[in-house]
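The values are calculated or read from the model by the stated rules, or taken from the named source; none is laboratory data. Note that the coordinates shown come from a computational prediction; the quantities given were computed from them, not determined experimentally. All Cβ positions, even for glycine, are placed from backbone atoms using ideal geometry, and neighbour counts span all protein chains on display.
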Amino acid sequence: MVVVGIFPHSISPGGEVYKRAAGGGLALVLPGSITPTNGAPPPHTAGLRHGVPVPVPILSHCPPPQAHHLPRPPPRLAAPAHSPRRPLHRPPLPLPNTPPPPSPSPSTATAFRLRDWDPHSPSSPSSAPSPSSPSASASSSTSASARRLSPLARFLLDALRRHQRWGPPVVADLSKLRRVPPSLVAEVLTARPPPPPPLALPFFLWAGRQKGFRHCFPAFHALASLLSAAGLPAAADQLPDLMRAHGKPVSHSQLTLLVRLHTAARRPLRALHAVRRFRHEFDVQPQVHACNRVLGALAAAGHVEDALKLFDEMSEGGVQPIPVTFTIVVRALAHAGMTDRLLEMIGRMRNEVCRPDVFVYTALVKTMGRRGHMDGCIRVWEQMEKDGVEPDTMAYATMVGGLCKAGMVEEAAELFKEMRRKGLLVDRSVYASLIDGYVAAGRVGDGCRLLKELVDAGYRADLGIYNTLISGLCGIGREDKAHKLFQIVLQEELVPSSDTVSPLLACYAEKDEMVTFFGLVNKLAELGLPVIEMLVDFMKLFAGKDGRELKAMEVFDVLRQKQYCSVGIYNILIENLLKIKDRKKSLFLFEEMQNSVDFKPDSCTYSHMIPCFVDEGNVEEACSCYNTMMKENWIPSTSAYCVLVKGLCKIGEINTAISLVKDCLGNVENGPTEFKYTLTILEACRSKSPEKVINVVDEMIEVGCSMEEIVYSAIIYGFCKYASSTEARQVFTIMRDRNILSEANFIVYEDMLNEHLKKATADLVISGLKFFDLESKLKWRSRID
């Protein structure tokens, strides 16, 4: 028996094809002397040496499949309200005196007679979906693809799909054909949709056991493509082993196929492994085009060092790079900001292949400018001039834009003048970049002068240029000129946006020119623009500046009188009032929203109010806000989770705090670091070893993670649940001796540990009383929920 590798999918019985491996997976058995077994798992072998199986090393460097964690159900901080039951959709009752339809038995459902089979039908009548079924449209597309297959291929696919699992019934149907040629095997494996791997691979091996049969290369390639598309890249990587076991030579075609499959699926490291494996194990040197594909995938994924190593291996293996190869490498270096190595690679490209042209240099400048490496951009530009490459209009536009974004307006203006001297076409994007740079540098007058030159050159300014100048003019207090530009925008039949009117509205509100303010608002309403959305953006701009929070409240009162109000404006005001610690007005606005009919609080409102209630010491109300969000299926913000967990830890509600941590990590895409270490500490507490918990604490200190209350609460919770309070005290003592925990905090957390033990004991006692129905005799003193 010859085993090539392990497949993670569970496959049906029929031990002649799949053998259960020792690690719990399934091993692919190549054709050979297969002897029936009694169910015992065979060892991993790759061949037979003097009749003794030789073990096969499993590829240890292949990354294991990641576990997909489903979000945990949200914890309840109070008694949950009973939701109404959903009505059950029951099937209609049969009419009286109507016999029920006969249910087909498994034997009749799977019975098949070759003389009754129609080769022009894409599937058997028993498996054809009804037109009213949800899969009717999918079946129609499947039928269209099946009509392009030969009748024998459709017969084989019908046999595989009818049984859904490999076993003697499938083999019996397949054996009705006298012989299955290699071209037919390849046709079945390339069908759309293809058969699943638990059926495709046994079928492939079953066909190979025919007398005098040898698989063709398209069948091997189709099997590898099928396994890769099914999410089994490790199985697809075993294509050369499978071919060698069947006596087929391994060549560049298989390497090119695997590289194409892995790079298309964004698995660049597996493609790199395939290149190295073919070179070392099968003595197949990769071609330059395959290496270019791997280099591009590595560069796109950010593996610059691996790309450089592969480039060096190409030279060592005798693979001559082409200009495209150097272009991929220098762009990867530009993306990473490695200017010195980039210039070195450009010199190597000039000496070995050819001189880089203007397109290569423009791409490098653009890449480095986007990443903010302006020093490298300037050095590349200087190197381009040294090489005698004349920059074109696109190169100048790219460089001017990068310099303006970096605040180097003078250098950009010099390049702008150089373009004019050379007679190059200066398009609108160059003018727009310079105007943005001038306004950002506070030189609004130069920006307006450049706008005049733009119009004189025959161009029409877009809305972005006008927005930039209006914002700059409002920033220096020239709202009169900004209003003239706004009128020009209307004359040019451009549609104003929030960026157009928000600076003007902010200037009018700052100077208490409310008549002009509402005149502009009424103008926007006449134009049919979304006034409320624009006012929300205005309030975000106006209230977000320091010192304008109280002024924003005054403007809001006037807006409310004019019926210009929304939940978004409430949220912006509450957020900015909480920044200046004005909780009283924030609570007033929140209560006003609760009593309102049209402006009820949303998820953003509750996320703002949870920290407000915790800072006020009202953790119960914060928990009530959280429960309201859970009823509405809203997810709190990360800051709301952190503040609420901290507040619960301070009042000793450790169990609820731990549940909130798990809920946050299940709902938020990237939760706080201290929450992740909290779960790590709980896992370390399972071992009942204080040393492991101290190792986790040392790691937290090393990475700069703050020691929040939830970390100490996790130590208390974990050891009280999985061990005893003695281990928790040992951890606290070690942390105090190492000055991680102060003496005062040591006393505080020791008291918290004692209180947690009392609550745990009380919960056990109450559970026992409930069991004996003695709960009515208890006298409750206080209850947080």
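I'm told Arg379 meets every condition in (1) of a type in the set (D, E, K, R); (2) outside any loop (DSSP other than H, G, I, E, B); (3) under 24 Å from Val250 (Cβ atoms) except one. Can you identify the failing condition by its number?
Answer for Arg379: the failing condition is (3).
Among (1) touching an Asp or Glu at 6+ places or on another chain (Cβ under 9 Å); (2) within 30 Å of Phe217 (Cα to Cα); (3) among the aliphatic types (A, V, I, L, M), where does Ala290 come up short?
For Ala290, the exception is condition (1).
Regarding Ile635, is this residue surrounded by fewer than 21 Cβ atoms within 10 Å (Cβ to Cβ) and in the same structural domain as Leu741 (by TED's automatic domain parsing)?
no
Considering Val693, Val661, which residue is touching a residue at least 24 places away in the same chain (Cβ under 8 Å), over 25 Å from the mean Cα position of the chain (by Cα) and either within 30 Å of Thr733 (Cα to Cα) or in a loop (DSSP other than H, G, I, E, B) (or both)?
Val693
Here is a yes/no grid of residues against (1) buried (at least 22 other Cβ atoms within 10 Å of the Cβ); (2) in the same structural domain as Ala307 (by TED's automatic domain parsing); (3) of a type outside the set (Val, Ile, Thr); (4) within 30 Å of Asp158 (Cβ to Cβ):
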residue	(1), (2), (3), (4)
Pro202	yes, no, yes, yes
Ala224	yes, no, yes, yes
Leu227	yes, no, yes, yes
Leu232	no, no, yes, yes
Gln287	no, yes, yes, no
Ala290	yes, yes, yes, no
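Kindly indicate whether any position in region 298-305 is touching a residue at least 60 places away in the same chain (Cβ under 8 Å) and surrounded by 19 or more Cβ atoms within 10 Å (Cβ to Cβ).
Within region 298-305, not a single residue is touching a residue at least 60 places away in the same chain (Cβ under 8 Å) and surrounded by 19 or more Cβ atoms within 10 Å (Cβ to Cβ).
Looking at region 342-359, is at least one residue touching a residue at least 24 places away in the same chain (Cβ under 8 Å) and under 33 Å from the mean Cα position of the chain (by Cα)?
yes
Restricting attention to region 709-748, and to residues there that are of a type outside the set (Gly, Ala, Ser) and under 15 Å from Glu653 (Cβ atoms), which single residue is surrounded by the most Cβ atoms within 10 Å (Cβ to Cβ)?
That would be Ile716.
Would you pick out the residues in region 605-650 that are small (Gly, Ala, Ser), outside any helix (DSSP H, G or I) and out of contact with any helix residue (DSSP H, G or I) (no Cβ under 8 Å at 6 or more places or on another chain)?
The one that is small (Gly, Ala, Ser), outside any helix (DSSP H, G or I) and out of contact with any helix residue (DSSP H, G or I) (no Cβ under 8 Å at 6 or more places or on another chain): Gly617.
Tell me, please, whether a residue that is in contact with a Cys (Cβ under 8 Å, 6 or more places away or on another chain) and in a helix (DSSP H, G or I) can be found in region 158-180.
Checked region 158-180: no residue is in contact with a Cys (Cβ under 8 Å, 6 or more places away or on another chain) and in a helix (DSSP H, G or I).
Val430 - would you say it is in a helix (DSSP H, G or I), crowded, with 21+ Cβ neighbours inside 10 Å, out of contact with any His (no Cβ under 9 Å at 6 or more places or on another chain) and not acidic (Asp, Glu)?
In short, yes.
For residues that are surrounded by 15 or more Cβ atoms within 10 Å (Cβ to Cβ) and hydroxyl-bearing (Ser, Thr, Tyr), scanning just region 309-363, find the one that is nearest to Asp283 (Cα to Cα).
Thr325
From Ala622, Ala640, Ala657, grab the single residue that is hydrophobic (A, V, I, L, M, F, W, C), buried (at least 23 other Cβ atoms within 10 Å of the Cβ) and closer than 20 Å to Gly718 by Cα.
Every option except Ala657 fails the conditions.
Can you spot a residue in region 713-730 that is farther than 17 Å from Val645 by Cα, of a type in the set (Val, Ile, Thr) and modelled with pLDDT of 90 or more?
Within region 713-730 (the criterion being farther than 17 Å from Val645 by Cα, of a type in the set (Val, Ile, Thr) and modelled with pLDDT of 90 or more), the answer is yes, since at least one residue qualifies.
For region 663-670, does any single residue satisfy the condition of being out of contact with any helix residue (DSSP H, G or I) (no Cβ under 7 Å at 6 or more places or on another chain), of a type in the set (D, E, K, R) and at pLDDT below 95?
Yes, region 663-670 contains at least one residue that is out of contact with any helix residue (DSSP H, G or I) (no Cβ under 7 Å at 6 or more places or on another chain), of a type in the set (D, E, K, R) and at pLDDT below 95.
Provide a single number: the residues in region 369-394 that are more than 19 Å from Asp436 (Cβ to Cβ) and hydrophobic (A, V, I, L, M, F, W, C).
Matching residues across region 369-394 total 5.
Can you confirm whether Phe542 is in contact with an Asp or Glu (Cβ under 9 Å, 6 or more places away or on another chain), modelled with pLDDT of 90 or more, surrounded by 14 or more Cβ atoms within 10 Å (Cβ to Cβ) and part of a helix (DSSP H, G or I)?
It is true that Phe542 is in contact with an Asp or Glu (Cβ under 9 Å, 6 or more places away or on another chain), modelled with pLDDT of 90 or more, surrounded by 14 or more Cβ atoms within 10 Å (Cβ to Cβ) and part of a helix (DSSP H, G or I).
Just checking: which of the helices (runs of 4 or more DSSP H) contained wholly in region 436-513 hold 1 or more residues that are more than 20 Å from Ala543 (Cβ to Cβ)?
Per the criteria, 444-456, 463-475, 479-491.
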